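Readers should treat all values here as calculations from the given coordinates under stated rules, not as data from a laboratory. Model, not experiment: these values are computed from the prediction. Here Cβ is always computed from backbone atoms with ideal geometry, including for glycine, and neighbour counts include all displayed protein chains.
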């Protein structure tokens with residue numbers, strides 16, 4: 001036991017005998033390890049962030065139907081009835097974007113209005129920050145964004161139940177008028193705020209579509225369809241597209257995102273291999289110089305009973321200590337820098353309409369484990385040539401020199 005402790009202590013002393021050279025070797029490995037950790041961590045973080053945002057928009061059993069050519073096919077009541085008749089189609093939710101004006105406390109606010117079915121929020125994963133979104137908006141109720149509340153100087157707990165007057169403006173595209181400049185304004189109608197959502201810096205309101213249909217609305221911009229059988233998404237989409245409409249599904253976006261990040265990861269792996277080769281070259285040069293300068297010490301140890309395998313192990317420990325310290329230090333440094341990126345990204349995105357906490361870096365546990373394992377392999381590889389030279393020397397000859 002005492003011999004083994006002496007053995008390890010001697011290896012550590014030799015490792016840091018040339019401090020500048022040891023720091024340089026550790027620094028090269030730490031820098032490259034940190035870069036790889038940050039890149040793979042950002043890849044994982046961005047992938048998860050994008051997927052979370054996608055999942056917050058629609059469920060996998062929801063198909064979005066939009067217009068392909070507004071001049072030929074419209075999403076009117078007849079078209080919507082045909083969509084409802086398709087097998088496996090459950091809920092059908094309508095959506096149309098129009099322009100409007102809100103009045104509260106004698107302050108006029110021009111903003112987008114979204115006229116939607118009461119089940120609109122049930123088909124997505126939008127989370128209200130105040131009030132209740134269940135089967136809203138309906139009757140004379142309205143759901144507004146947080147920015148509207150801020151503009152009118154109200155607090156969230158004061159917003160729900162507040163009365164707000166809204167006037168909507170319909171264009172020829174909404175009413176089916178043949179005159180492109182024809183517009184129709186609704187009389188000012190009083191609504192009750194029943195829910196508040198966070199849409200960043202966007203002031204907008206969701207109002208019941210039935211109220212707008214009374215003004216002459218004949219077609220909508222979009223329909224969301226919830227299926228009773230998620231396995232029939234492809235068949236339902238094909239049936240709808242045959243009617244002249246365009247369909248999208250959250251599954252399309254998920255597949256595209258997965259393919260994109262698969263390419264990014266391939267590029268990162270290639271980059272990591274290049275960095276690994278460069279690191280091996282630099283580390284090999286530094287460690288070789290360090291170990292080869294210890295041949296006189298090797299001669300002295302051999303005279304005092306050290307075997308070839310002892311010398312082999314001594315050099316191997318020195319080499320692995322340098323590479324391992326660099327890999328561990330780089331992993332810690334990369335993780336710290338990644339968390340700093342998270343703090344910065346959250347401050348930048350604080351005014352945006354993200355549905356979840358913005359995290360662009362997540363600690364890449366697998367990458368760190370691989371880096372540390374490769375550091376041990378690297379230490380073993382770069383020590384082999386110096387070890388072979390050290391164990392092959394004549395100890396008496398080396399001491400004479």
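Which number do you get for Rg(Cα) / (2.2 N^0.38 Å) in segment 79-157? Walk me through the numbers before you get to the answer.
Working: Rg = 15.4 Å, N = 79, 2.2 N^0.38 = 11.6 Å.
Working it through for segment 79-157, the quotient is 1.33.
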Practice task
Just report the Cα centroid separation between segment 142-169 and segment 21-38, whole Å.
Solution key: 54 Å
Handout entry: Cα-Cα P(r), segment 69-243, percent of pairs per 10 Å interval
Key = 9, 36, 31, 19, 4, 0
Exercise for the section: Among 328, 65, rank each residue by its count of other Cβ atoms within 10 Å, from fewest to most, as a rough exposure measure. Expected result: 328, 65
